[in-house]
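Engineer: Sending over a structure as structure tokens; questions will come in a sec.
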């Protein structure tokens, strides 16, 4: 989902930067509030960020014969919501833009938008919706992480189709969806499973803290 | 407050981990014998970059620093994974020990 350095027209760089900046700023404010209210959640923030660090460094092969990487953005979204996850994604994307020439500074806003905002937002909605319906949080987190990962790549495809609608927007969209979203399906399933494993351990070690953050299903609390 | 949190058995966790491994080993078996030279196992990010270049767009900015070789790139990717793994391992080990003391 990394749009490479310099590969977006300037106008789009600015548009995505402005949107992402606003969400990241709100996320920083939320982190301050969460840490003030529940200082123990600092460790969970670190674990959520670390999970993204690991998953987004793994370039995995897919059944389409090309490689891509998971995002790890579902965990943070289920625990803290999309804005906080956008802050964590910014750290990961900056690391990769500066040290790995993966993504870039000009495309940072666009990449934060897909991996830090759209994916986590979808994951958060799915997670809250399913747990409200009293589905066990371990099941809910699978679908949250799966869809959060997949929709991150769908978002990138839309961003590229908006910027390069040649020959038409819909043809461009199909072209980018084939490159990104189809490859991503098995990876998203894998990300769902890995997030389930981490979630299970978090529930085993820190049930009270998860409950305090409102991150469990009502019948689990 | 009483918590009714259901935790998975170790065997379930192991089965899930095995499913993950199968999921990512399968493509290697499906396309065994193929490689970068005949267009397999390339990155989706690069494929998108090529598709953009085909539309006639000239990238207008390039990375301020790039890993000078594939070796250095893999070093930095390993570093990225290691940073994440150390943090998760530290806290999970700490919490596990804490739970045992209680």
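No value in this document is a laboratory result; all are computed from the given coordinates. This structure is a prediction, so every number in the text was calculated from the model and none was measured. Don't worry about glycine lacking a Cβ; one is built from the backbone with ideal geometry, like all the others, and counts go over all protein chains shown.
Engineer: So how tilted is helix A:137-163 from the main axis of chain A? Cα-based, degrees 0 to 90, rounded to 10.
Structural biologist: Between the helix axis and the principal axis of chain A, the angle is about 20 degrees.
Engineer: Here's a follow-up. With a ≥ b ≥ c taken as the square roots of the eigenvalues of the C-alpha gyration tensor of the range B:11-102, please select rounded if a/c is under 1.5 and otherwise prolate if a/b is larger than b/c or oblate if it is not?
Structural biologist: Because a/c hits 1.5 or more and a/b fails to exceed b/c, the range B:11-102 counts as oblate.
Engineer: Can you show me the helix-derived [θ] at 222 nm for chain A, built from DSSP H runs with n ≥ 4 at -39,500 (n - 2.57) apiece and divided by the number of residues, rounded to the nearest 500.
Structural biologist: Numbers: 10 runs with 152 residues, N = 221.
Counting only the DSSP helices, I get -22500 deg cm²/dmol.
Engineer: When a/c reaches 1.5 or more, the comparison of a/b and b/c decides; with that in mind, is the protein assembly as shown rounded, prolate or oblate per its Cα gyration tensor?
Structural biologist: prolate
Engineer: Right, here's the next one. I'd like the orientation of helix A:82-99 relative to chain A: the angle between its Cα long axis and the longest Cα principal axis, in ° from 0 to 90, rounded to 10.
Structural biologist: Between the helix axis and the principal axis of chain A, the angle is about 50 degrees.
Engineer: Turning to a different aspect of this structure: What nm distance separates the two modelled labels at residue B:72 and residue A:46, each placed 7 Å from Cα along Cα→Cβ?
Structural biologist: 3.1
Engineer: OK, next. Rounded to the nearest 0.05, what FRET efficiency do residue A:14 and residue B:10 have when you use their Cβ-Cβ distance and R0 = 35 Å? Please report the intermediate quantities before stating the final value.
Structural biologist: Values: r = 51 Å, r/R0 = 1.46.
E between residue A:14 and residue B:10, to the nearest 0.05, is 0.10.
Engineer: Hey, what angle do you get for helix B:70-101 against the long axis of chain B, alpha-carbon based, 0 to 90 degrees rounded to 10?
Structural biologist: Value to nearest ten degrees: 10.
Engineer: Students often get this wrong: which residues of the range A:22-38 have the backbone nitrogen under 16 Å from the point 7 angstrom along Cα-to-C-beta of residue A:208?
Structural biologist: Taking a point 7 Å out along Cα→Cβ of residue A:208, the residues of the range A:22-38 whose backbone N falls under 16 Å are A:38.
Engineer: Using a 10 Å cut-off around each Cβ of peptide B:83-95, what is the average number of partner chain Cβ atoms that fall inside?
Structural biologist: 6
Engineer: So how do A:106-115, B:69-78, A:136-145, A:200-209 stack up, highest first, on mean other-Cβ count within 10 Å? All intermediate terms of the calculation are to be shown ahead of the outcome.
Structural biologist: Values: A:106-115: 26.7, B:69-78: 12.5, A:136-145: 23.6, A:200-209: 19.3.
Answer by packing, highest mean first, reads A:106-115, A:136-145, A:200-209, B:69-78.
Engineer: Given a Förster distance of 35 Å, report the FRET efficiency between residue B:53 and residue A:21 from their Cβ-Cβ distance, rounded to the nearest 0.05. Write out the running numbers ahead of the final one.
Structural biologist: On the way: r = 28 Å, r/R0 = 0.81.
Once rounded, the FRET efficiency stands at 0.80.
Engineer: What is the distance, in nm, between label points placed 7 Å from the Cα along the Cα-to-Cβ direction at residue B:30 and at residue B:94?
Structural biologist: Each label point is offset 7 Å from its Cα along the Cβ direction, giving 4.1 nm.
Engineer: Per residue of A:191-201, how many C-beta atoms from partner chains lie within 10 Å of its own C-beta, taken as a mean? Numbers along the way, then the final one.
Structural biologist: Values: counts 1, 2, 7, 3, 0, 5, 7, 2, 1, 8, 7.
So the per-residue partner count for this stretch is 4.
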